[in-house]
Amino acid sequence: MHLGISVIMCCHNSAKELPKTLEHLAAQNVANDFPWEIILIDNASKDNTAQVALDCWPQEKEGILRVVHESKLGIIHARYRGLAEAKYEILSFIDDDNWVCPDWIQTASELMTQHPKVGACGSHNIPEFDGERPWWFDLSTKSYAVGTQGPESGGDVTWSRARLLGAGLTIRKAAWQQLVDNGFQSILMGHTGKALNRGEDTELCFALVLAGWRLWYEPKLQLRHFLTADRLHWHYLRKLRRGGGRATLGFDPYRFALDESNQNHSIRFWWKITPFSRHESNSHIWKQQFLSAIKDLLRRPRILLQTLIWPMEGNTEVLKVETKIGRLTELFKERGTYALNIKKIREASWKKAH
């Protein structure tokens, strides 16, 4: 018996994007008696997102789509509302600009049924450009939540990646509910309106791994991620990378916990941190990381100065600098909570002994 699917769409002012996205969901190759639903979370929209969704959904599929209003702005709040509203065992998060393949529902259900220890599954996300593809796009595809997430054949990526992209992320409801019931609270909030905050999906994946669940990459789960022209500019990518740097502070507690509890596994992370003893004081832990971030940023002062003055389009060093600036500025901002978050994850009751 296949597991039912709750597709959760977290939308904020999504009226323009929804028709095409819902068209792909309506075209799913699913048997009439297969249990699935679409929960559209209207997250404090100022446009007619909810009405557009209802108007463009086919009448013959009435009952599959329902709209839920969430007044608290922020994708993390919308996702938690989706968790509370979902009827079925599997949650598939589809963004308002994700055009899923016709077999998405069937494939996700089969995968999660066959692998009961998998807590989350990632998809193969293909970019769909609104206009011309930027010549530098391949320098940072993951910033746009596209690309592959594992070997060509797919499989378990728990210890090779320990994280999955948020676009198209499919989660076992019982796994996430287990975290919540045992006191898990997200450090990162993700996007809030137009603010390019990031990382809540990666944080959730880290938490699932620490709780003993597996992560999987399934290349047959394919979606096309529609990228509007306003996002295909170098200055926008630089903002994304700076946001990614800020998010690393929320990842640090999980990285330390993963390193401590899994001596037999070596996970490749994309940001540098300075190791420390668990017996060090909170102020020393933060100071150590802050000084390390300053040294890392000032290692190539010429590049740093050029980055602050010129666009330097297509230069990968610029992207690295943006990530480092994001991390440093967030360290300064979170100087009072950084070490406390590390302690909180170390002592979390939802963690499993590996």
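The values are calculated or read from the model by the stated rules, or taken from the named source; none is laboratory data. This is a predicted model, so every value here is computed, not measured. Note that each Cβ is placed from the backbone with ideal geometry, even for glycine, and that neighbours are counted across all protein chains shown. For accessibility, only protein heavy atoms count, side chains too; no ligands or nucleic acids. Shrake-Rupley method; radii C 1.70, N 1.55, O 1.52, S 1.80 Å.
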Taking 0.36 nm per residue of separation between Val180 and Thr329 and subtracting their Cα-Cα distance, the length gained on full extension comes to 50.7 nm
Under a 5 Å amide H to amide H cut-off, with H placed in plane at 1.01 Å, what residues pair with Ile41 once short-range neighbours are removed?
-> Met9, Cys10, Cys11, Val68
Let me have the relative contact order for segment 1-102, percent, based on Cα pairs under 8 Å that are six or more residues apart.
-> 46 percent
Quick one: how many Å² of Glu85 are accessible to a 1.4 Å probe, rounded to 10?
-> 50 Å²
Find the centroid of the Cα atoms in segment 23-78 and in segment 83-104, then give the distance between the two in whole Å.
-> 10 Å
Around Leu169, which amide H atoms from residues at least 5 apart in sequence, or from another chain, sit under 5 Å from its own amide H, with H modelled in the peptide plane?
-> Phe93
Principal axes of segment 1-127: Cα extent on each, largest first, Å = 41, 30, 30
Counting each DSSP H run of 4 or more residues in the chain as -39500 (n - 2.57), what helix-only mean residue ellipticity at 222 nm follows after dividing by all residues, to the nearest 500 deg cm²/dmol?
-> -12500 deg cm²/dmol
For segment 278-311, which trypsin sites (Lys or Arg not before Pro) are both in a DSSP coil and crowded by at most 15 other Cβ atoms within 10 Å?
-> Arg278, Arg299
Two-site FRET efficiency, Lys287 against Asp130, from Cβ-Cβ distance with R₀ of 51 Å, rounded to 0.05 = 0.65
With each pseudo-label sitting 7 Å past Cα toward Cβ, what's the Lys16-Lys220 distance in nm, one decimal?
-> 3.7 nm
Taking r as the C-beta separation of Asp230 and Thr141 and R0 as 22 Å, the FRET efficiency to the nearest 0.05 is 0.75
Any chance you could list the semi-axes, whole Å, largest first, of the equivalent ellipsoid that the Cα gyration tensor gives for segment 289-354, using √(5λ)?
-> 33, 13, 10
Is the shape of segment 195-306 rounded, prolate or oblate, going by the alpha carbon gyration tensor and its root eigenvalues a ≥ b ≥ c, with a/c under 1.5 for rounded and a/b larger than b/c for prolate?
-> oblate
Stretch Glu23-Arg346 to full length: gain in nm at 0.36 nm per residue minus the Cα-Cα span?
-> 111.9 nm
Each residue of segment 84-94 in turn: what ³J(HN,Hα) in whole Hz from Karplus with 6.51, -1.76, 1.60 and θ = phi - 60°, glycine and Pro shown as x?
-> 5, 8, 5, 8, 10, 6, 10, 10, 10, 8, 10
In nanometres, what is the gap between the two model label sites at Ser261 and Leu54, each 7 Å from Cα along Cα-to-Cβ?
-> 4.4 nm
Distance histogram in 10 Å bins (all Cα pairs of segment 116-249, percent per bin) | 12, 39, 36, 12, 1
Can you list the trypsin sites (Lys or Arg not before Pro) in segment 73-142 that are in a DSSP coil and have 15 or fewer other beta carbons within 10 angstrom?
-> Lys87, Lys117
For the chain, what value does the Rg/Rh ratio take when both radii are computed over Cα atoms and Rh is the Kirkwood radius, given to two decimals?
-> 0.96
Can you give me the relative contact order of the chain as a percent, contacts being Cα pairs under 8 Å and 6 or more apart?
-> 18 percent
Pulled fully out, how much extra length does the chain show between His115 and His69, if you take 0.36 nm times their separation in residues and subtract their Cα-Cα distance?
-> 13.3 nm
Listed residues Met312, Met189, Met112; largest mean-square fluctuation, Gaussian network over the chain with Cα springs below 10 Å, found at Met312
